[in-house]
1. Can you tell which of E134, E101, E382 shows the greatest fluctuation in a Gaussian network model of the chain with Cα springs below 10 Å?
2. Working from Cα positions, state the angle (0 to 90°, nearest 10) between the long axis of helix 176-190 and the longest principal axis of the chain.
3. Which of K327/K367; K208/K310; K301/K439; K208/K296; K141/K327 have a Cα-Cα distance over 30 Å?
4. Alpha carbon centre of the stretch 380-428 versus the stretch 320-376: separation in Å?
5. Specify whether the C-alpha gyration tensor of the stretch 306-443 places it in the rounded, prolate or oblate class, a ≥ b ≥ c being the square roots of the eigenvalues: rounded for a/c under 1.5, otherwise prolate if a/b is larger than b/c and oblate if not.
6. Starting from the 7 Å offset along Cα-to-Cβ, what nm value, one decimal, do you get for the label separation of T166 and N60?
7. How would you rank 385-396, 170-181, 109-120, highest first, on the average number of other Cβ atoms within 10 Å across their residues?
8. Using Cα-Cα distances under 8 Å and only pairs 6 or more residues apart, what relative contact order does the chain have, in percent?
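What follows draws every value from the coordinates through simple rules; no lab data is involved. What you see is a predicted model, and the numbers here were worked out from it, not measured in a lab. As a convention, Cβ positions derive from the backbone with ideal geometry for all residues, glycine included, and neighbour counts pool all protein chains shown.
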Amino acid sequence: MSFKLDVVRCGRHMVRCSRSAGARRNWKYPPRLQLRTLATTTEKPLVSSSSDHLKFSYPNANSNLRRSSLPNFWLRDNCRCSSCVHQDTRQRNFNTFDLPEDIQPSQIHTNEDGIKIQWSGDGHESFYPWDFLEFYLNSDKREPEPIKLEYFGTQGPHNSRSWPPTLKYNDFSANETGAVGRLTDFIRRNGFAFVTDVPVESAEPTEKLLEKIAFIRQTHYGGFYDFIPDLALADTAYTNIALGAHTDTTYFTDPAGLQAFHLLSHTGPSSENNSGVNLGGQSLLVDGFYAASILKKEDPKAFEVLSRVKLPWHASGNKGITISPDKLYPVLEVDESTGKLHRVRWNNDDRGVVPFDSEYSPVDWYKAARKWHDILRRESIEYWFQLKPGNLLVFDNWRVLHGRSAFTGVRRICGGYINRDDFISRWRNTNYPRDEILKRVIG
């Protein structure tokens, strides 16, 4: 097979690449290709091909790359051209495994923006920007959006200038995207937020406002709820008794991401004027991530026990309903890749029997859970407030525990659940540029 050297003009630079004088589209084993791009501002690497990788080297720089090559097959699979990726849906348009396993470049061209490759076999052309290539030469994967959580206690976050995080109902009509962005960012960072001046004549404005975040989740309780304490459904939420700090829907594989409460009215037990009478029903929020950080500092073993012992959780109070997750889950779910707390799942009333199959005994678990329970009840981390008609509360059910004091009379509460993934999607799309979002979620 004969070859010739061609000079390829890339912008205002001259580079060389090798290719066959009689190249055919079914040619599977091209020769070693090598070319070099001269940099305009920062040096770009020397690029060469091997049998299964594209190699990158920086001859004039001391580069501390995580890797010096990228697999040919990986590169071809990640072509982002309009024929490989549907530009509206961002979905892959081809079957990865129709590609030959030993695919190689037949031509390589570089310029200031990136690398263009013509692949052996079908002659498909792909373009890879330098920022994409250099990211994966230096990193293993895209990380989630950076977020600095602000733990709160009874007085709010340390040195907080504005507490509690609050928006006004009219903000959403003035600039819906901006208001939803602020609301979801408050919840993402602080764990919860209020929306004030929400109409109380009916529950509909509350429902429509929640739907600006995402659709309301359907459960065995229904969708959007609007109830009084009449035990219409078999759950302590439908009573007037005090409730300790807990998270909701522990019994779902995917617990509700957001929860919302709006007190539409609270009337006394009699028809008399109850103005100024304390009817009870104060609301409680506890930052579960903050509580877990205290537990880990004060009793590391207790933290480990609550993150390692997996428990049964259930909802079995209504006839014909017996819900439990796909597997047993611990109280504190830790992300194995980062070691950071991912989710709190805590409702002692919904907990099943502590099993004997863990490395820690039930006795170990009860000791650790007692310490956790005691921390949750410390005054320094309990944030108490009185819900008022017109004030909508929305909070992160994976992080923030909620409860209430006992009350008298009749309270009408409305609200709903929103899935975690839909909440995070809305937060992203109202706080970050589309291009940055796609890089993080696709790669």
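1. Taking springs between Cα atoms under 10 Å, the residue moving most is E101.
2. 80 degrees
3. The pairs that break the limit, which is 30 Å between Cα atoms, are K208/K310; K301/K439; K208/K296.
4. Using only Cα atoms to place each centre, the spacing works out to 22 Å.
5. Judged from the Cα gyration tensor, the stretch 306-443 comes out oblate (a/c at least 1.5, b/c at or above a/b).
6. Going from the T166 label point to the N60 one covers 6.1 nm.
7. On the way: 385-396: 18.5, 170-181: 14.7, 109-120: 20.2.
My ranking of the peptides, most packed first, is 109-120, 385-396, 170-181.
8. 19 percent
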